[in-house]
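Notes to accompany the following structure.
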Amino acid sequence: RPRLESPADVKELIPEFFYFPDFLENQNGFDLGCLQLTNEKVGDVVLPPWASSPEDFIQQHRQALESEYVSAHLHEWIDLIFGYKQRGPAAEEALNVFYYCTYEGAVDLDHVVDERERKALEGIISNFGQTPCQLLKEPHPARLSAEEAAQRLARLDTNSPSIFQHLDQLKAFFAEVISDGVPLVLALVPHRQSHSFTIQGSSDLLVTVSASGLLGFHSWLPYDRNINNYFSFSKDATIGNPKMQRQLSGPWVPDRGVDGQALAVAPDGKLLFSGGHWDGSLRVTALPRGKLLKQLHCHLDVVTCLALDTCGIYLISGSRDTTCMVWRLLQEGGFSVGLASKPVQVLYGHEAAVSCVAISTELDMAVSGSEDGIVIIHTVRRGQFVAALRPPGAMLPGPVSHLVLGSEGQIVVQSSAWERVGAQVTYSLHLYSVNGKLRASLPLVEQPTALAVTEDFVLLGTAQCALHILHLNKLLPAAPPLLMKVPIRSVAVTKECSHVLVGLEDGKLIVVGAGRPSEARSSQFARKLWRSSRRISQVSSGETEYNPGEAR
């Protein structure tokens, strides 16, 4: 309120107001004194009535900052700070005038001879701050509104709408048999594939791996308005030919086969990393040739899980030997060509086999879960222990089966537990902040089998044949469950967020999408980068809507 009423109050909203709820709480219990009028002890920041929690306060602040209203007035702020209203009559009219010493070039300290005057000016500048350089002499143009931008993109044949803006229109478009009768444990489109500017409309590579180790490399184009379902999928012709099939090298741990959690594909689609081998090795396979490039024997037992960061810089591996290792990817000419022979970090702290891992280079976070229900956070660069988390639940904790990291450091953990010996297992989903604070928990009535995360949503596949989509920051349902015919084994979101790829127990690949582009509402528009498209010569025969109610 003082900021709105007093012209002498020049406080600023620091960046933490838009991303960091922890600064609003006195978590360490410091003695901050008492209020003079009421003698009330000062502790956490008192939130306005419209905010139910620090997390809700920050989320609403960010939504306001990223709202269409702010976008529509962004050019006015640029005019005040960097533009024609920074100085001169326009600045005076806009009441945008500051102390003269704050402006660039107003005072030349090198020519001030008097030492006391010089120090006084330096103190004034330090106290009042500095006005940025004036970059523009004319009014800055307004940004396109969401509706105007949507209309422009609608005229292109390259815009694939995000399914998360049309959750009320979700449906399974078609099913394609990839590995008949063998579970499909991995199906994804690497998000940083290179395309030639001389070849318009280059398609992407869609990688699939079955539980038997069968590799598939399919062509994928997320948007083509000439096709009924507006995407193209060209199945790998070698999958159906036993003489041409490409297999991931084994042998594997007995009775387990290939586990999707022990697989990872480089962001550029050039390499596949695999664990789960009986000899405890971590293996590197070239894509799409399927040639084994390297075997690394640093873990003392079987590698149980792998995860890559979104940048393609580091890979993290977890093992039955209770350790995690962080590996650096080798690059040549901007492409992934291999893995360093030795890990850059070995992470300790678990007392049981590591069951799942996640890593973020940007946030310097390596997170791992183990069979005894413990989640541990380390730093990536120095390998330092940060925190150990035990998800809340029953008296007998079970394994942490799945673990994913959000873009802001949110940790989503899927755990299991028993109330007592011999009781039925219960499943739960938990959300932690970047600093390990529990923010939400969700009991699950179905057995989770796959977990994925996007910017604002969590995707959960279950053994009861359902795909659930939840809001990331609250773990509340964002859409009704989408039912499949058989249990789900893998879930992945395409890089444009245009589709969800679901691998099933019976070896089918399900493509989940939203309504046709013409049905997209401009109010739900999200700005996207341009990319080219081209009709693939061979289109999958499964261009019909997948109906879970049909007989198998």
In the range 243-251, is there at least one residue being open to solvent by 10 Å² or more (accessible area, probe 1.4 Å), assigned to a loop (DSSP other than H, G, I, E, B), without any contact (Cβ under 8 Å) to a residue 24 or more places away in the chain and not aromatic (Phe, Trp, Tyr)?
-> yes
What residue, among those in the range 96-139 that are aliphatic (A, V, I, L, M) and touching a residue at least 12 places away in the same chain (Cβ under 8 Å), is most open to solvent (accessible area, probe 1.4 Å)?
-> LEU135
Does the range 91-99 contain any residue that is aromatic (Phe, Trp, Tyr) and at pLDDT below 85?
-> yes
Hey, can you tell me all the residues within the range 333-360 that are among the polar types (S, T, N, Q), open to solvent by 30 Å² or more (accessible area, probe 1.4 Å) and part of a strand (DSSP E or B)?
-> GLN345
Is there a residue being of a type in the set (Val, Ile, Thr) and within 13 Å of the chain's Cα centre (by Cα) anywhere in the range 466-482?
-> no
If we keep just the residues of the range 82-95 that are part of a loop (DSSP other than H, G, I, E, B) and not polar (S, T, N, Q), which is surrounded by the fewest Cβ atoms within 10 Å (Cβ to Cβ)?
-> LEU95
Being part of a loop (DSSP other than H, G, I, E, B), surrounded by fewer than 23 Cβ atoms within 10 Å (Cβ to Cβ) and aliphatic (A, V, I, L, M) narrows LEU363, LEU330 down to just LEU363
Candidate set from the range 499-524 (those that are in a loop (DSSP other than H, G, I, E, B) and modelled with pLDDT under 85); member that is surrounded by the fewest Cβ atoms within 10 Å (Cβ to Cβ) = ARG521
Log entry, pairs with first residue in the range 48-65 being among the acidic types (Asp, Glu), second being part of a helix (DSSP H, G or I) and surrounded by 15 or more Cβ atoms within 10 Å (Cβ to Cβ), beta carbons closer than 9 Å, six or more apart or on different chains, reads GLU55/PRO21; ASP56/PRO21
Of all residues in the range 371-412 being hydroxyl-bearing (Ser, Thr, Tyr) and under 19 Å from LEU431 (Cβ atoms), the one that is modelled with the highest pLDDT = SER401
Restricting the range 287-310 to residues that are open to solvent by less than 40 Å² (accessible area, probe 1.4 Å) and assigned to a loop (DSSP other than H, G, I, E, B), the residue that is farthest from LEU186 (Cα to Cα) | HIS299
Would you mind finding the one in ILE125, ILE58 that is assigned to a helix (DSSP H, G or I) and over 30 Å from GLU455 (Cβ atoms)?
-> ILE125
Residues in the range 395-402: is at least one open to solvent by 10 Å² or more (accessible area, probe 1.4 Å), assigned to a loop (DSSP other than H, G, I, E, B) and either out of contact with any helix residue (DSSP H, G or I) (no Cβ under 7 Å at 6 or more places or on another chain) or farther than 29 Å from SER52 by Cβ (or both)?
-> yes
Among the residues of the range 80-95, write down those that are farther than 13 Å from THR131 by Cα and out of contact with any Phe, Trp or Tyr (no Cβ under 7 Å at 6 or more places or on another chain).
-> TYR84, GLY88, PRO89, GLU92, GLU93, ALA94, LEU95
Taking first residues from the range 344-365 that are more than 16 Å from GLY275 (Cβ to Cβ) and second residues anywhere that are of a type in the set (Ser, Thr, Tyr) and surrounded by fewer than 19 Cβ atoms within 10 Å (Cβ to Cβ), the pairs with Cβ under 6 Å that are 6 or more apart or on different chains are ASP364/THR379
Residues of the range 393-413 classified as touching a His at 6+ places or on another chain (Cβ under 7 Å) and farther than 20 Å from GLY349 by Cβ, total = 0
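The values are calculated or read from the model by the stated rules, or taken from the named source; none is laboratory data. Predicted, not measured: the structure shown is a model, and the values here were computed from it. Ideal geometry is used to build each Cβ from the backbone, glycine not excepted, and the neighbour counts take in all protein chains shown. Ligands, DNA and RNA are excluded from the accessible area calculation, which covers all protein heavy atoms including side chains. Shrake-Rupley method; radii C 1.70, N 1.55, O 1.52, S 1.80 Å.
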